[in-house]
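Have a look at the structure below, then the notes.
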Amino acid sequence: MILILLAVVLGGMKLTGAGPLFNGYRELEGEAVDAYRPDMEVELLTPNPYSRPETGTSRIRNIVIHYTANPGATAQQNRDYFEGLKDTHLTQASSHFIVGLEGEIVQCIPTWEVAYASNSRNGDTVSIECCHPDETGAFNQATYDSMVELSAWLCLKFGLTENDLIRHYDITGKICPKYFVDYPEKWDEFCGDVGKMLEKMQ
């Protein structure tokens, strides 16, 4: 009887992904998720030790928002910088997604692989780099709208809420994304907008 009960409990934990024994990557799939997938260009980086190590992620627990700290640069230019690291070996850096100045979204790394973006949290987060027109780090409306849509969709995909959005700053203290660190009320507003979008998706 005890063995049967244990099998039922473990089976339930496996289905829900709960518990310490089931900490692997998982995502929700199906039409309910696919229907809200934002338009994006999938331009995956070439596997290499400097920007796409092909290391698997564990269960995704947070979505991390970054800014590029590269005023005026496009999503494609930032993606190409990550790609070039395989040749320059300057540093280890990358992101799963980049949102551009015209609201375009470029995916660089599959969500089940690690990106070099969030330091100690690379293994259980998905990162979004966001372009900005000037040194204030403020996002224009097109970028902001796509950030909200992409973040909400990723929350839907991984069974998260707007409360699971974090800034790079929240992990390391780095001033990133600058505008949301300088103006925490704008961060709260962004999370609220993601929550409203998520409600529409559910």
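Which number in (1) hydrophobic (A, V, I, L, M, F, W, C); (2) modelled with pLDDT of 95 or more; (3) open to solvent by 20 Å² or more (accessible area, probe 1.4 Å) marks the one condition that Phe97 misses?
Answer for Phe97: the failing condition is (3).
Could you please give the count of residues in region 134-161 that are surrounded by fewer than 21 Cβ atoms within 10 Å (Cβ to Cβ) and either polar (S, T, N, Q) or more than 21 Å from Cys108 (Cα to Cα) (or both)?
Looking only at that region, the number is 9.
Condition first: in a helix (DSSP H, G or I) and open to solvent by 30 Å² or more (accessible area, probe 1.4 Å). Now tell me which residues in region 193-202 satisfy that.
Matches in region 193-202: Asp193, Lys196, Met197, Glu199, Lys200.
Please identify the pairs in which a residue from region 24-41 that is part of a strand (DSSP E or B) has its Cβ atom under 9 Å from the Cβ atom of a residue that is at pLDDT below 95, counting only partners at least 6 apart or on another chain.
Taking only residues 6 or more apart or on different chains, the pairs are Gly24/Gly17.
Among (1) more than 12 Å from the chain's Cα centre (by Cα); (2) within 22 Å of Gly24 (Cβ to Cβ), which single condition is Arg121 missing?
Exception for Arg121: condition (1).
Looking at region 118-132, can you tell me whether even one residue there is surrounded by fewer than 20 Cβ atoms within 10 Å (Cβ to Cβ) and among the small types (Gly, Ala, Ser)?
Yes: one or more hits.
So which residues in region 42-55 are touching a residue at least 24 places away in the same chain (Cβ under 8 Å) and open to solvent by 40 Å² or more (accessible area, probe 1.4 Å), if there are any at all?
Within region 42-55, Val42, Glu43, Leu44, Thr46, Pro49, Tyr50, Glu54, Thr55 meet the criteria.
Being open to solvent by less than 20 Å² (accessible area, probe 1.4 Å) and more than 21 Å from Asp39 (Cα to Cα) is the requirement here; does Val114 meet it?
yes
Can you name every residue in region 94-107 that is touching a residue at least 40 places away in the same chain (Cβ under 8 Å) and under 22 Å from Val194 (Cα atoms)?
Selection gives Phe97, Val99, Gly100, Leu101, Glu102, Gly103, Glu104, Ile105, Val106, Gln107.
Determine which member of the set Thr172, Thr161 is out of contact with any Asp or Glu (no Cβ under 9 Å at 6 or more places or on another chain), farther than 21 Å from Gly72 by Cα and in contact (Cβ under 8 Å) with a residue 40 or more places away in the chain.
Selected residue: Thr172, the only one of Thr172, Thr161 that is out of contact with any Asp or Glu (no Cβ under 9 Å at 6 or more places or on another chain), farther than 21 Å from Gly72 by Cα and in contact (Cβ under 8 Å) with a residue 40 or more places away in the chain.
What's the number of the condition Arg52 fails, among (1) modelled with pLDDT under 95; (2) under 18 Å from the mean Cα position of the chain (by Cα)?
Among (1) modelled with pLDDT under 95; (2) under 18 Å from the mean Cα position of the chain (by Cα), the lone unmet condition for Arg52 is (1).
The values are calculated or read from the model by the stated rules, or taken from the named source; none is laboratory data. It should be emphasised that the depicted structure is a prediction, and the values quoted were computed from it without experimental measurement. Don't worry about glycine lacking a Cβ; one is built from the backbone with ideal geometry, like all the others, and counts go over all protein chains shown. Each accessible area value is taken on the protein alone, full model and side chains, heavy atoms only, with ligands, DNA and RNA left out. Shrake-Rupley method; radii C 1.70, N 1.55, O 1.52, S 1.80 Å.
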